[in-house]
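Nothing in this text is a laboratory measurement; each read-out follows from the coordinates by a stated rule. Bear in mind that the values here come from a model prediction, so they are computed numbers and not experimental data. Ideal geometry is used to build each Cβ from the backbone, glycine not excepted, and the neighbour counts take in all protein chains shown.
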Amino acid sequence: MSTCLIVGASRGIGCEFARQCAADGDRVIATYRKQGDGATLGAFCAHTVQLDLLQTGCAATLDRALAKQSLDLAIIVAGVAGPRTEHISAPERADFDTVMHTNVLAAMQLIPMLADRLAASHGKLVVISSKMGSIGNTTSAYSWLYRASKAALNSVIKSASIDLGSRGIVCMALHPGWVRTDMGGKGADLPVEQSVASMRRVIAAANRSHNGRFLNYNGEQLEW
């Protein structure tokens, strides 16, 4: 039985990761932000933790909740889209802070705290990024704040892979596809069940050669 941490499991992709992992017999630790979301996750997760990634002490809060628990897999899913702009336009400071703190700073705070727990089991660290964060594949300025945050997140996981790869941890960024969630919308290509099942297959098959890579939900290599 593997122990999996899902950060940002209140709904959508994170909740589906927690549900599928638990259904396969994994011990799932899931974080949620709003009080009401804990009850749903508690029905199938071994442990739930209320965690607000915008709070300065979020890493310390999770550290205490995990105690000395080692982890086989940590998936950082939590993210926000921010304003969906069509062209370049100066973001409001509040929007910038919310998007960058949630999508980038939270990962930078949590990853160092998770490192020892993952190293103990030669585990895997995954961040849910987006193809919109690929600089090489950028063909539009649509949602440029979100794009910038995911490009920054990709840089974070690539840097982490250099430090943590030597400790036996496989670090990856995954693009989930365009998924039918609250963020992706009803017109998106993929049902959340298919996206998550595909990403779980990629994660399960990953080995040390995958460390520091950016992959599509179907396993294809993506350009940073």
Practice problem: For segment 95-158, just say rounded, prolate or oblate: build the C-alpha gyration tensor, square-root its eigenvalues into a ≥ b ≥ c, call rounded for a/c under 1.5, and beyond that prolate if a/b exceeds b/c, oblate if not. | Solution: oblate
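Provide the net charge surrounding E223, with neighbours chosen by a C-beta distance below 15 Å and charges set as Lys +1, Arg +1, Asp -1, Glu -1.
Values: positive: K131, R147, K150, K158, R213; negative: E220.
In short, +4.
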Quiz item: Hey, with R₀ at 45 Å, roughly what FRET efficiency would N137 and H47 work out to, going by the Cβ-Cβ distance, to 0.05?
Solution: 0.75
Practice problem: Could you list Y32, Y217 in order of exposure, starting from the residue whose Cβ has the fewest other Cβ atoms within 10 Å? | Solution: Y217, Y32
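Taking the Cα centre of the chain as origin, work out the dipole magnitude from +1 charges on Lys and Arg Cβ and -1 charges on Asp and Glu Cβ, in debye rounded to 20.
Numbers: 22 positive and 18 negative charges, 54 e Å.
Magnitude of the dipole: close to 260 debye.
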Practice problem: Please say if segment 92-204 is rounded, prolate or oblate, where rounded means a/c under 1.5 for a ≥ b ≥ c the square roots of the C-alpha gyration tensor eigenvalues, and otherwise the choice is prolate for a/b larger than b/c and oblate otherwise? | Solution: oblate
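Out of all DSSP beta bridges with both ends in the chain, state the antiparallel percent to the nearest 5. Mind dumping the intermediate values first?
Details: 1 of 27 bridges.
Within the chain, antiparallel bridges account for around 5 percent of the total.
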Quiz item: For segment 3-216, what size does the Cα cloud have along each of its three principal axes, sorted from largest down, in whole Å?
Solution: 46, 39, 34
Exercise. Subtracting the Cα-Cα distance from 0.36 nm times the residue separation, let me have the gained length for M108 to Q221 in nm, one decimal.
Key: 38.3 nm
